[in-house]
Amino acid sequence: MNELDLLNLLSGLGLDETRYFEQIGSTNTYAQEWILDGGDDHSLVVADEQTAGKGRLDRSWFTPRGAALAFSLILKPKDIPDVREVLTRYTALGALAVCDILTVNYGLDARIKWPNDVLLDGKKVSGVLAEAFWMENQLTGVALGIGVNVYKDAVPETAPLVFPATSIEGHFSGRPDRWILLREILERILFLENTIHEKNFIPQWENRLAFRGEVVTIFGPSSEVTGIIMGLDSIGKLLIELPSGEVIAIQAGEIRIRPLNT
Ligand code: BT5
């Protein structure tokens, strides 16, 4: 792939500027600098390989050469009803777009491990990192970063994993085209972005949740809870029914989920 071919492939989507790198540290770090440097809404940075890919909470994300999708889309939300919801909704936007495409276009049973992972057959195939950048209480932009393990080589073998990983290739008969997949996911993001403040947005996310109705343990920074995943509340917090019958809502971003039997 080169930048010109990528531009051709993505033409008609309505993106602003697109930049392509054979190798980069992290597309999200690049997008952050680009936002500071005046990067416009719907600017896109794509890399074949990341040498310092980022997960949440200072974790790292593995993107070897030639095997995965790694990209960050700059979004500049215009209407933000509640700033506390920004990261929740943009994380959901990325995960839902990937999940929808894998389900509808590739016939795969994709599910979202709340809040930001997409699973195939219970294993992580994609991760989303939405980062919001602020200047004096003004949101300057969101870097919506998405990594997808397309081919088997993308699956980390040696990196310490908090959850089992897989690739699309491992579940699909044939070898999906990485760049067509990129176009499909972007198209879905741009479509869903228009619905992000609608009432039905969170229920769509909820419909794709993994482990719903199952007992899971949720690891927080300093404690853990075990309970049944009931769904999401109206702003996307995860609802867990505790053994006592009490239902609690858990805030995005600080937890990991494991089904009880893993
Ligand atoms: C995520 O974090 O899942 C967010 C990953 C976002 C990656 C994209 S790639 C484009 C953009 N640029 C970036 O620098 N980042 C974004 P988290 O839920 O914290 O999961 C991180 C954990 O996933 C790591 O600690 C590993 O255990 C595991 N992991 C790392 N690489 C993986 C891979 N390729 N496939 C599956 N699991 C992986």
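None of the figures in this text is laboratory data; all of them are computed from the coordinates on show. Predicted model only: the values in this text are computed from it and were never measured. Cβ coordinates were reconstructed from backbone atoms using ideal geometry, including for glycine residues, and neighbour counts include every protein chain displayed.
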When each of Lys54/Lys113; Lys113/Lys199; Lys76/Lys199; Lys78/Lys124; Lys152/Lys237; Lys199/Lys237 is checked by Cα-Cα distance, pairs over 25 Å: Lys78/Lys124; Lys152/Lys237
Residues meeting the amide H criterion for Leu232 (H placed from the backbone, H to H distance under 5 Å, 5 or more places apart or on another chain) are Leu239
Would you mind telling me the antiparallel percentage of the DSSP bridges in the range 1-139, rounded to 5? 75 percent
Assuming a ≥ b ≥ c are the square roots of the Cα gyration tensor eigenvalues, decide whether the range 1-142 counts as rounded (a/c under 1.5), prolate (otherwise, with a/b larger than b/c) or oblate. rounded
Relative contact order (%) - criterion: Cα under 8 Å, at least six apart; region: the range 1-157: 22 percent
Whose amide H sits under 5 Å from the amide H of Lys124, counting only residues 5 or more places off or on another chain, with H placed in the peptide plane? Ala165, Thr166
Percent of beta bridges antiparallel (DSSP, the chain, rounded to nearest 5): 85 percent
Just report the Cα centroid separation between the range 212-238 and the range 56-109, whole Å. 20 Å
Long-range amide H partners of Gly141 with built H, under 5 Å: Phe133
How would you classify the range 116-232 from its alpha-carbon gyration tensor, with a ≥ b ≥ c the square roots of the eigenvalues: rounded for a/c under 1.5, else prolate if a/b is greater than b/c, otherwise oblate? rounded
Total charge dipole magnitude, the range 108-174, about the Cα centre, Cβ charges on Lys, Arg, Asp, Glu only, Debye to nearest 20: 160 debye
Roughly speaking, what is the centre-to-centre gap between the range 136-181 and the range 1-52 when only Cα atoms are used, to the nearest Å? 16 Å
Apply the membrane-span-like helix rule to the chain: whole DSSP H runs, Cα extent along the own long axis of at least 18 Å, mean Kyte-Doolittle hydropathy at least -0.5. List the helices found. 86-104, 178-193
Output for the range 170-223: trypsin sites (Lys or Arg not before Pro) sitting in coil per DSSP, at most 12 other Cβ within 10 Å, listed by number, reads Lys199
The chain, dipole about Cα centre (Lys/Arg Cβ +1, Asp/Glu Cβ -1), debye to the nearest 20: 660 debye
When the Kirkwood radius is taken over all Cα pairs of the chain, what Stokes-Einstein diffusion coefficient follows at 10 °C and 1.306 mPa s, in µm²/s? 85 µm²/s
For the range 90-133, what is the relative contact order in percent, using Cα pairs closer than 8 Å and at least 6 residues apart in sequence? 35 percent
If you keep only loop residues by DSSP, which chymotrypsin sites (Phe, Trp or Tyr not before Pro) in the range 125-209 have at most 15 other Cβ atoms within 10 Å of their Cβ? Phe172
Ordered by number, the GluC sites (Glu not before Pro) in the range 101-180 that occupy a DSSP loop and have at most 13 other Cβ atoms within 10 Å are Glu136, Glu157
Can you tell me what share of the DSSP beta bridges in the range 1-74 is antiparallel? A percent to the nearest 5 is fine. 50 percent
What is the extension gain from Phe172 to Glu136, computed as 0.36 nm multiplied by their sequence separation minus the C-alpha to C-alpha distance, in nm to one decimal? 8.3 nm
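Work out the P(r) tail for the range 175-231: percent of alpha carbon pairs separated by more than 13 Å, whole number. Present the calculation step by step, with values, prior to reporting the outcome.
Details: 1170 of 1596 pairs.
Tail of the P(r) past 13 Å holds 73 percent of the pairs.
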Mind checking which of Met135, Asn116, Val155 is farthest towards the positive end of the range 54-157's charge dipole, using Cβ charges of +1 (Lys, Arg) and -1 (Asp, Glu) about the Cα centre? Val155
Taking the chain and dividing mean pair separation by its residue count, relative contact order in percent (alpha carbons under 8 Å, at least six apart): 15 percent
